[in-house]
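Heads up: the structure comes next, in structure tokens.
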Amino acid sequence: MKNNIIAFVLLLILCHSAFANVTLPNVFSDNMVLQRNTEVSIWGWANPQEEVVVTPSWDHETYKIKASNQAKWEIKMPTPKEGGPYTISIKGYNEIVLTNILIGEVWICSGQSNMEMSASWGIENGDEAVKKAANPIIRFFSIPKLTATSPQNNVSGNWTECTPATMKYFSASAYFFANRLQEELQNVPIGLISSSWGGTPAEIWMPEEIIQNDAVLLESAKTRKEESYGPNQAGRAFNAMIYPLVGFKIAGVIWYQGESNVGSAVYDKTFAALITSWRKLWNYEFPFYYVQIAPYQYGENHFGGAEIRNAQRKVLKVIRNTGMVVTTDISTIDDIHPKNKKSVGTRLANLALVKTYKANSDLVNGPLYKGIKIEKNKVIVAFDHAEGLHSKDEKSSQFEIAATDNVFYKADARIKGNTVLLQSKKVKHPVKVRFSWKNTAQSDLFNKANLPASSFITE
């Protein structure tokens with residue numbers, strides 16, 4: 001009798017292992033958006049050597065693959081132009097049918113609290129925006145705050161349609177980004193994956209080995225203090241909140257972070273390493289558009305905020321296919337969470353519309369420092385994106401120059417075409433320039449699109 005029971009239990013185990021259900025990561029669910037006009041990967045788990053058959057309704061082709069000895073399978077398939085809704089059947093021992101799938105543009109939206117900030121936090125004109133937010137072809141996937149000491153293969157969450165109820169608690173910057181894209185792209189579905197955590201430094205959003213294998217980044221990371229509101233150890237949010245998405249085809253990333261790195265002298269290197277590491281894992285150079293941190297009272301005995309803004313500006317020069325939104329004109333200096341998130345999302349989308357989608361050729365960047373030319377006691381500062389360069393107070397008051405002693409004095413600044421001519425009676429032989437170099441400085445230099453110039457300091 002006892003032997004019969006043992007045999008029966010063994011039979012059940014064998015049966016169970018022979019017919020393991022096909023399962024999927026949560027990012028593949030009803031209501032999802034897949035990237036259009038490309039080849040996407042769909043993956044999951046099944047019994048080793050079990051055949052998995054995937055059939056999308058847009059072409060009714062059958063795509064077959066056998067699960068590996070690690071019980072994992074992955075299949076690639078072409079996607080059509082924008083449209084839907086479609087279904088996808090995934091069949092092994094069991095069958096999963098995903099419904100209400102759209103084909104369009106997929107963006108990851110990540111960073112700290114300014115990306116996380118939703119209409120429910122009290123954004124500018126938030127109640128009105130919520131009321132108008134019924135848009136079934138914008139879809140949201142929200143990732144909860146999670147950490148892990150090693151890369152994970154799944155994350156909780158599910159895709160939902162954009163309704164006033166779902167939009168109210170989703171990233172406002174990301175929502176307005178999608179809204180603006182749709183205005184110009186004419187109803188192409190937009191999928192937004194939100195993966196943000198307030199108060200977090202960049203180091204936790206990149207693979208730990210990137211930090212460990214770089215002496216400069218490691219030394220900087222060691223200075224980070226433990227915080228009650230979130231992790232500070234390298235890689236912890238990346239492992240749990242970004243790595244499970246690797247391979248999910250995206251159009252690009254929008255990013256809003258940096259406030260928690262104020263005080264870092266190597267943020268440009270840290271941020272550049274983050275972008276590069278993500279692209280390496282996805283195996284393509286997707287667009288990465290980010291928001292420069294806003295003016296804020298970090299303390300007037302240092303230039304930490306200005307230094308992070310300058311570091312963000314410098315990344316544009318060293319990492320291809322990036323873009324930066326400057327926010328000094330749409331922020332107040334006493335709120336680290338500027339409430340005008342519509343302008344932030346719209347400016348991010350305008351970058352994508354020009355650089356990624358080639359939908360128009362609008363001027364979408366504020367003036368960016370290009371270089372200086374020294375002529376005796378004068379400095380000529382050149383800018384990119386400087387068409388219609390002007391100051392709203394007739395003359396900019398935010399330029400300073402210094403000699404080799406590195407003591408800066410306010411400069412008389414005269415705009416001439418797309419350049420600014422600087423001089424000061426106190427500096428006979430200028431060698432360095434800085435602009436808007438205060439934590440709370442709100443740029444007073446603009447181009448014809450009324451976009452503000454980024455703060456900078458010459459090397």
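Summary table below
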quantity: Contact order normalised by residue count of segment 406-459, Cα under 8 Å, 6+ apart, percent; calculated: 26
quantity: Ordering of 274-287, 297-310, 235-248 by packing [mean C-beta count within 10 Å, highest first]; calculated: 235-248, 297-310, 274-287
quantity: Pairwise centroid distance, computed over Cα atoms, of segment 63-119 with segment 306-350, Å; calculated: 31
quantity: Whole-number percent relative contact order across the chain, with pairs defined as alpha carbons under 8 Å at least 6 apart; calculated: 12
quantity: Amide N of segment 416-459 lying under 11 Å from the label point, which is placed 7 angstrom from the Cα of A382 along Cα→Cβ; calculated: 419
quantity: Gain in span if fully extended, N360 to N450, counting 0.36 nm per residue against the direct Cα distance; calculated: 30.6 nm
quantity: Protection-proxy order for peptides 210-218, 175-183, 51-59, each taking the mean of Cβ atoms within 10 Å per residue, highest first; calculated: 175-183, 51-59, 210-218
quantity: Ranked by how many other beta carbons lie within 10 Å on average, peptides 249-258, 346-355 from highest; calculated: 249-258, 346-355
quantity: Residues of segment 276-299 with amide N under 14 Å of a point placed 7 Å along Cα→Cβ from E124; calculated: 294-295
quantity: Overall form of segment 294-406 per C-alpha gyration tensor (a/c, 1.5; a/b vs b/c); calculated: oblate
quantity: Subset of K392/K416; K378/K426; K222/K280; K358/K416; K378/K416; K225/K341 violating a 19 Å alpha-carbon distance limit; calculated: K222/K280; K358/K416; K225/K341
quantity: For the chain, size of Cβ-based charge dipole, Lys and Arg +1, Asp and Glu -1, in debye; calculated: 1080
quantity: Mean separation of Cα contacts under 8 Å (6+ apart) over length of segment 104-355, as relative contact order %; calculated: 25
quantity: S156-E183 pseudo-label distance in nm [points 7 Å out on the Cα-to-Cβ vector]; calculated: 3.7
quantity: Cα gyration tensor, segment 64-117 - rounded (a/c under 1.5), prolate or oblate; calculated: oblate
quantity: Cα gyration tensor shape of segment 48-177, rounded if a/c is under 1.5, else prolate or oblate by comparing a/b with b/c; calculated: oblate
quantity: Given charges at Cβ of Lys, Arg, Asp, Glu: the chain dipole, positive-most of Q152, A311, Q257; calculated: A311
quantity: Nearest-20 debye value, segment 104-355 charge dipole, Cβ charges on Lys, Arg, Asp, Glu; calculated: 500
quantity: Estimated 222 nm signal from helices in the chain, with DSSP H stretches of n ≥ 4 weighted -39500 (n - 2.57), rounded to 500; calculated: -6500 deg cm²/dmol
quantity: Pair E227, N100: separation of 7 Å Cα→Cβ label points (nm); calculated: 3.6
quantity: Whole-number D in µm²/s for the chain (Stokes-Einstein; Kirkwood sum over Cα pairs; 25 °C, 0.890 mPa s); calculated: 102
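Rule-based calculations on the coordinates, nothing more; no lab input. Quantities reported herein were computed from a predicted structural model and do not represent experimental measurements. Cβ sites come from the backbone with ideal geometry, for glycine too, and all protein chains shown count toward neighbours.
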